[in-house]
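Visitor: Got a structure here, written out as structure tokens. Questions coming.
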Amino acid sequence: MRPIARLLLSVVSLAPVCAAVDQPDPLPFPDMAPAVGAVLDEHYYDKSRFHPRLMVERALRWLEQSELGIDTAWVDGQVVLNLKGKRLTIEATEPQDMASAMQIIEALRAAIDGSFDAPAPRLRELAYALVSGAMSTLDPHTVLWPPEAAREWSEDNIQGQFYGIGAFLNQEEGLISIQRVMPGLPAERAGVEDGDVILAVDGEKTAGLTLEQAVRRIKGPKGTTVNLSMGRKGVANPIEIPIVRDLVKVVTIRHYRDGQVGYVRMDEFNANTAHDLFIALRELERAGPVKALVLDLRFNGGGLLDQAKLIGGFFLGRGQEVVRTTTVDGREEVYRNSAARFVTAPMLVLVSPGTASAAEIVSGALQLNERAVIAGEATFGKGSVQNIRELRDGSRLKLTIQEYLLPGGASIQDVGVMADLLLPRHAVRKNGSVDLRDLSAERERDNEFALSRRKGYDRTALAELAWLDPWLDREARRQHTIAAREFRPDREAQLAIDLMQSASAAEDWDEAAKKALAEERLRPFLLERLAKPIAARAEVESAALADTLARLPQPVRWGDATNPVPGSMSVRWSGPSEVVAGETVAFGIQVENAGDVEIGRLFAIVRADPRSPFWEEEFVVGAVPAKGSASGLLHYQIPPRVPAGEERFTIDLMQDGKREPLATCPVVVTMRPRPAPHLSLGWKVIERSGDGKLSPDEAADLVVEVINQGDGPLEAGAVWIDKENDPYVALGLSRKEIDAPIPPGASRELVFPLKVLGEAKRNGKPVPFSAERIKLSLVAAEILKEDEDSRYRADMRAAIEIPVGQPLKARRLIQPRIGFEGQTAEAGRVRLRFRISDLPDDASRPALDVVSLFLDEDKVDLQPASALEGPAEGPWIYAPRISLKPGLNQVRLLVRDDDGVVSSRALRLWGAPAAPIAPAPPVVP
């Protein structure tokens, strides 16, 4: 997930909103599109990015992706809406500006509202999809939050504090537990312990709640009490713990001292960050002078611009530039530090692709002011500033209003801050094998609508130190999280600390550093002083890697990085060329060295479409003797549910520390499927009174039947229940694993205790239950092994309604089956042939609703069930014709029946040969 998204998601869970019964209905907003367009017209940063036709096209795409039953076509000045077979025509002449584009979108919304058969909340979702699709063409950070999502955002998100109990919560396998109690805060004072399981909040069971829903119930006004029912290991009965809510500050900074080197990890820029950093730095100084400092921003997705300005000033001299902001017309506002610097020690700043926005301002300012050495990887590359405006229906519009520039006017937009010292990681896997390169990380430039860079930034890496990262289990990794009770820096952070320890141990360090500070050249000073420690550590890390590779079950001799003669190396695929889903295979390559010297430290990497299961997999080769050859093996488990067909990719032969391949070879592997389960669900309610009705406050059991109608067994699976945030629903448990395999044609029943409460609190007062039914979401899913690719696993999702006070009836919801019977070429296009079947859900005969066909992100066909070939009861034949694009085409067929049950079938088809897949852009030019 990209850094800014991670930040927004992490703070949403802290927002103090009320339960579902307290949320007001959204206000009407009939002219949403023109209203949003007017705000963008007035305030958006770069109006040259307004492309009216593209905005309407993406609005249509988002609409099609949001609703299976809608397809669109925009031709000859008209948009034709296909609403499950019903066609409407909307006048849509070529839009010339933002206003005319939004008028078309508003006309589409009005037509759908008036003609599409869907509940009002669903129609609102489609309206937001239209506007959001149009806005997606501006930049990745200009977004519209509907009222429900906007209510979950509050000032807490940037203030870094809220009122709660002071504990980190975690959810695994349906259980919500205390991951860590924060010292000195209400939870610890009340006796809550790490590992306690939260069974209920104020009497409401947590079964069926998401983690975010539980958090919102636990938070509340200062001085109020929340009552938690806790399960504790070794204690037979639940423990009732009342906790008085108090102020809780979000932990975003941890500090650590190793000898005379200080270390600070900072994960966010909220309203308290500068203050918290000041405190951390003072505590580091209490143990004596800090001769060198490591500032860790690897996990910092950004935050407040003002905090970035303040923190940059901690380390810079009076009058030095921290950042400047610029509008599209070129007006710049320069911010310079106005206070004396607080920290004078030489600094190393750790960064990664997770370093974004405000964290890039700080790291970039320290680099360009020659204040600190930047180490790690290139950062995310977000060089824009946003603000948030509330709209009249309670939704919120976050829009880009400025670009920020580093000192001197350099823009890091879409490139990021480059590391002076690259720290490539060699990661040891659980089985002892080694990944020589991390997977390519997502960055700003990967979004097709990212802002372009206006002014250059031309820093490049000056040194490189590859390091070995040993395997750690989950428990060992926890001590490196910022929330850990006994926090310790992780392996990369400790590497940086060790380098600074070695450099600062020199006898003349203090005097030389003081001189470099006076001359404002601490960065070149530190780079010079780090040269020897880097060289020495490189030998240690290289030896550790060689030793790890030599101890593999099939030992690899790593060798030396001798430079090969251009053209002397070659690589070829040694198979296999055909594999079956789910099996573990040993893919092989053969490397030939035609040169006169041994070439070492070789590996190969798969260059494939990012959607390929083989994307960036590696073969370790090691040393290849002169005039000789060596093999490389990749032991790989084929994803158990991978679609049948071909996988095409390229093998690049690489040398550790080099950016360009020494040789390449193309590969085609045929994937064969294996029999798979196909899941459907049944359910019934067994009430205790015997009157055949579910009454409020009556104990009952919800019996869920998992049905396997596939060709292969369901070896392991589970059922999850979500109570849709309904406080009147009490579940005894929300997740249950299937205790034995389900063979084809068989089923298994799971029992979930259920009660509908007679009353629930609303605004602190009891409100009786008055609805006619309750709603639950059921999910049955195949469980694969921890290290198996879970894409395309068998699952079934259904929304059910249980009547209250009315006769109960058992139900079955059958998921349609989709079989692919092949493809044929017809006049430059491809005809696909699918066979669709659907068993009766209850006593009625099977009935489909619609079928939708997607090619990558585009919906290319929509047909009502009545247009399919076949008898009324099925099976039905669907045979669309499509045009394949060059390279990989991801085809998805989605089928929905009359009960709203959706089934999908994925295909991976290849068009004309595509250009060779290029390696990921290097972080260093």
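Visitor: Tell me, which strands (runs of 3 or more DSSP E) wholly within the stretch 696-807 include 3 or more residues that are of a type outside the set (A, V, I, L, M)?
Guide: Filter on the stretch 696-807 gives 699-708, 717-722, 735-737, 747-756, 759-762, 765-768, 773-782, 795-803.
Visitor: Then there's this: I'm told V642 meets every condition in (1) surrounded by fewer than 20 Cβ atoms within 10 Å (Cβ to Cβ); (2) modelled with pLDDT under 95 except one. Can you identify the failing condition by its number?
Guide: Going through (1) surrounded by fewer than 20 Cβ atoms within 10 Å (Cβ to Cβ); (2) modelled with pLDDT under 95 one by one, V642 breaks only (1).
Visitor: Show me the strands (runs of 3 or more DSSP E) entirely contained within the stretch 244-313 in which 2 or more residues are assigned by TED's automatic domain parsing to the domain that holds A359, over 28 Å from the mean Cα position of the chain (by Cα) and not charged (D, E, K, R). Walk me through how you get there before you give the answer.
Guide: Working: elements: 246-249, 253-258, 261-266, 292-296.
Fully inside the stretch 244-313 and qualifying: 261-266, 292-296.
Visitor: Can you say whether K205 is touching a Ser or Thr at 6+ places or on another chain (Cβ under 9 Å), more than 30 Å from G302 (Cα to Cα) and charged (D, E, K, R), as far as the supplied structure shows?
Guide: Here the answer is yes, as K205 does meet what is asked.
Visitor: Assuming D508 fulfils every condition listed in (1) modelled with pLDDT under 90; (2) over 26 Å from the mean Cα position of the chain (by Cα); (3) among the charged types (D, E, K, R) apart from one, which condition is it?
Guide: Looking at each condition in turn, D508 falls short on (1).
Visitor: Name, by its number, the condition in (1) more than 20 Å from V264 (Cβ to Cβ); (2) touching a residue at least 60 places away in the same chain (Cβ under 8 Å) that does not hold for S568.
Guide: For S568, the exception is condition (2).
Visitor: Let me ask something else. Can you name every residue in the stretch 601-612 that is crowded, with 20+ Cβ neighbours inside 10 Å and either among the hydrophobic types (A, V, I, L, M, F, W, C) or within 23 Å of the chain's Cα centre (by Cα) (or both)?
Guide: If the condition is that a residue be crowded, with 20+ Cβ neighbours inside 10 Å and either among the hydrophobic types (A, V, I, L, M, F, W, C) or within 23 Å of the chain's Cα centre (by Cα) (or both), then L602, F603, A604, I605, V606, R607, A608 are the ones that fit.
Visitor: Do we have A107 as closer than 30 Å to G220 by Cβ, in contact (Cβ under 8 Å) with a residue 12 or more places away in the chain and assigned to a helix (DSSP H, G or I) here?
Guide: no
Visitor: Does the stretch 660-676 contain at least one residue that is among the charged types (D, E, K, R), buried (at least 18 other Cβ atoms within 10 Å of the Cβ) and either touching a Cys at 6+ places or on another chain (Cβ under 8 Å) or more than 23 Å from P576 (Cα to Cα) (or both)? Give the derivation first.
Guide: As a first pass, look at the stretch 660-676 and keep what is among the charged types (D, E, K, R): 660, 672, 674.
Going one step further and asking which of them are buried (at least 18 other Cβ atoms within 10 Å of the Cβ), we end up with none.
Looking for residues that are among the charged types (D, E, K, R), buried (at least 18 other Cβ atoms within 10 Å of the Cβ) and either touching a Cys at 6+ places or on another chain (Cβ under 8 Å) or more than 23 Å from P576 (Cα to Cα) (or both), one finds none in the stretch 660-676, hence no.
Visitor: Taking the conditions exactly as written (within 21 Å of D849 (Cα to Cα) and touching a residue at least 24 places away in the same chain (Cβ under 8 Å)), does G69 satisfy them or not?
Guide: Yes: the conditions hold for G69.
Visitor: Quick check on my filter: what residues within the stretch 86-95 are within 14 Å of E57 (Cα to Cα) and not hydrophobic (A, V, I, L, M, F, W, C)?
Guide: Scanning the stretch 86-95 gives T93, E94, P95.
Visitor: Restricting the search to the stretch 1-60, which residues are at pLDDT below 60, under 29 Å from V328 (Cα atoms) and either among the small types (G, A, S) or touching a Phe, Trp or Tyr at 6+ places or on another chain (Cβ under 6 Å) (or both)?
Guide: Matches in the stretch 1-60: P3, A5.
Visitor: Is there a residue in the stretch 548-563 that is assigned by TED's automatic domain parsing to the domain that holds V621, of a type in the set (S, T, Y) and part of a loop (DSSP other than H, G, I, E, B)?
Guide: As a first pass, look at the stretch 548-563 and keep what is assigned by TED's automatic domain parsing to the domain that holds V621: none.
The answer is no, given that none of the residues of the stretch 548-563 is assigned by TED's automatic domain parsing to the domain that holds V621, of a type in the set (S, T, Y) and part of a loop (DSSP other than H, G, I, E, B).
Visitor: Across the stretch 491-536, which residue is surrounded by the fewest Cβ atoms within 10 Å (Cβ to Cβ) among those that are assigned to a loop (DSSP other than H, G, I, E, B) and without any contact (Cβ under 8 Å) to a residue 12 or more places away in the chain?
Guide: Within the stretch 491-536, the match that is surrounded by the fewest Cβ atoms within 10 Å (Cβ to Cβ) is E507.
Visitor: It is to be established whether one or more residues within the stretch 712-723 are among the basic types (K, R) and out of contact with any Ser or Thr (no Cβ under 8 Å at 6 or more places or on another chain).
Guide: So far as the stretch 712-723 goes, no, none of its residues is among the basic types (K, R) and out of contact with any Ser or Thr (no Cβ under 8 Å at 6 or more places or on another chain).
Visitor: Now for a separate question. State yes or no: is S384 surrounded by fewer than 17 Cβ atoms within 10 Å (Cβ to Cβ) and under 29 Å from V131 (Cα atoms)? Steps first, answer last, please.
Guide: On the way: surrounded by fewer than 17 Cβ atoms within 10 Å (Cβ to Cβ): no; under 29 Å from V131 (Cα atoms): yes.
Taking the combined requirement at face value, the residue does not satisfy it.
Visitor: Quick one: is G805 in contact (Cβ under 8 Å) with a residue 60 or more places away in the chain and small (G, A, S)?
Guide: Yes, satisfied.
Visitor: Given (1) assigned by TED's automatic domain parsing to the domain that holds E268; (2) among the charged types (D, E, K, R); (3) more than 30 Å from P183 (Cβ to Cβ), identify the lone condition not met by R477.
Guide: Of the numbered conditions (1) assigned by TED's automatic domain parsing to the domain that holds E268; (2) among the charged types (D, E, K, R); (3) more than 30 Å from P183 (Cβ to Cβ), the odd one out for R477 is (3).
Visitor: Out of the stretch 457-473, which residues are farther than 21 Å from Q367 by Cβ and either in contact with a helix residue (DSSP H, G or I) (Cβ under 9 Å, 6 or more places away or on another chain) or among the basic types (K, R) (or both)?
Guide: Passing the criteria: A466, W467, L468, D469, P470, L472.
Listed here are the residues, each with its yes/no results for (1) modelled with pLDDT of 90 or more; (2) crowded, with 19+ Cβ neighbours inside 10 Å; (3) out of contact with any Cys (no Cβ under 9 Å at 6 or more places or on another chain); (4) assigned to a strand (DSSP E or B).
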position: V860; (1), (2), (3), (4): yes, no, yes, yes
position: G874; (1), (2), (3), (4): no, yes, yes, no
position: P886; (1), (2), (3), (4): yes, no, yes, no
position: S903; (1), (2), (3), (4): yes, yes, yes, yes
position: R908; (1), (2), (3), (4): yes, yes, yes, yes
position: P922; (1), (2), (3), (4): no, no, yes, no
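The values are calculated or read from the model by the stated rules, or taken from the named source; none is laboratory data. Note that this is a predicted model, so its numbers are computed, not measured. Counting neighbours? That spans all protein chains shown, and the Cβs are built from the backbone with ideal geometry, glycine included.
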